[in-house]
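> Below: one structure in structure tokens.
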Amino acid sequence: DFATQAAFQQGDIIALKEVRVGEFQNQKNLSTSFSTRLFTGDTLDKNLPELRMIEMLSDLGTDEIRPLFEQGARNPRGNREMKSIKEVKAEAESLVGEETKWFDVKAHAIAVLNRDDKLVYYMACPDCKRKIAEDQTGYVCHNCKSYQEPVPMYQCQVLFQDQSSQLNGGLFDEAAIPLFGRTATEMFLKYREDQAAYKMLVKEATRNREVMLRISARLDSYEGVTKPRFKVHRLEPINDIIASQPLPNEPENLEANIFASYSQPNEARRHY
């Protein structure tokens, strides 16, 4: 509604904060969420270095500006080769020590592998992002050694598949947002509102959706077994925009609302 009613003119400068930048077929795209903020006119910070750069560019001719934007529009993968999952797993077997290998993969998201009793997000310290714990006083981050208000952050394992093989990839925080089509905070609120609807969102997010992946692989040891672990750093759905289902009304103070939920008895909060 805001976009259709806005009276912007060609040449107006607009600043967006907290937007997600994606790319499909070498074209950049922006996705907004409830936390996105728009600044224009008198609300713009006149000292922003980006604003000064735009003002400088406005004094140049079109022929002078175009090469600058063409440089930024080139394929971000450059000459990197797309790999099949079978090739990725084969190359990962040659990892040694702390070595990390990177891959670009086109595959389908098949399923979220988290157990039924484990959500796709966890409650994190807002500073160091580690899992936050409760004691008799409140919610404490043992890493930061301070009491914090917890915030939801994505952490899940997803099964990906192409014609060659399957791969289990971990998604953390912002990398999972394009898959689920909403932030971890929105998923947290959906779980509180309607657990059945939450489970449906998780299921629909991986209903054989074709995606582009930027994956890293490095060795990881667990219970005496060392093997490659794959982490998804970027995920971009292909020709697919997940339908945003209605969310509960956004509270005036979202952080306070989340923290207030932790005042419930332990039994009521066991899933968080």
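The values are calculated or read from the model by the stated rules, or taken from the named source; none is laboratory data. Here the structure is a predicted model, which means the values were calculated and not measured. Don't worry about glycine lacking a Cβ; one is built from the backbone with ideal geometry, like all the others, and counts go over all protein chains shown. We work out accessible area using only protein heavy atoms, side chains counted, and drop any ligands, DNA or RNA first. Shrake-Rupley method; radii C 1.70, N 1.55, O 1.52, S 1.80 Å.
> When the chain is fully extended, how far beyond the present Cα-Cα distance does Thr40 get from Val21, taking 0.36 nm per residue of separation? Walk me through the intermediate numbers first.
Working: separation 19, 0.36 × 19 = 6.84 nm, distance 1.95 nm.
Fully extending the segment from Thr40 to Val21 adds 4.9 nm.
> With each pseudo-label sitting 7 Å past Cα toward Cβ, what's the Lys203-Thr100 distance in nm, one decimal?
Modelled inter-label distance: 3.6 nm.
> Now, a different point. Determine, from the Cβ-Cβ distance of Leu159 and Leu219 and an R0 of 25 Å, the FRET efficiency 1/(1 + (r/R0)^6), rounded to the nearest 0.05. Let's see the in-between values first.
Working: r = 21 Å, r/R0 = 0.83.
E(calc), rounded to 0.05, equals 0.75.
> So how much accessible area does Glu236 have, in Å² to the nearest 10, using a 1.4 Å probe?
30
> While we're here: Residues of the stretch 169-210: accessible area per residue at 1.4 Å, in Å²?
Working: 1680 Å² over 42 residues.
Accessible area per residue, the stretch 169-210: 40 Å².
> Which stretch or stretches of the stretch 98-112 have amide N atoms under 12 Å from the point lying 7 Å from Glu210's Cα along the Cα→Cβ direction?
Those under the cut-off are 106-109.
> For Ile13, enumerate residues with amide H under 5 Å from its amide H, sequence gap 5+ or separate chain, H modeled in the peptide plane.
Counting only residues 5 or more places away or on other chains, the set is Gly41.
> Can you give me the Cα centroid spacing of the stretch 95-134 and the stretch 162-191 in angstrom?
9
> Which pairs, out of Lys17/Lys190; Lys17/Lys106; Lys17/Lys83; Lys83/Lys190; Lys101/Lys203; Lys190/Lys227, put more than 32 Å between their alpha-carbon atoms?
Working: Lys17/Lys190 24 Å; Lys17/Lys106 30 Å; Lys17/Lys83 34 Å; Lys83/Lys190 36 Å; Lys101/Lys203 30 Å; Lys190/Lys227 36 Å.
Table pairs above 32 Å Cα-Cα are Lys17/Lys83; Lys83/Lys190; Lys190/Lys227.
> Something else now. Could you give the length gained on full extension between Gln166 and Lys131, defined as 0.36 nm per residue of separation minus the Cα-Cα distance, in nm?
Values: separation 35, 0.36 × 35 = 12.60 nm, distance 2.92 nm.
Between Gln166 and Lys131, full extension yields an extra 9.7 nm.
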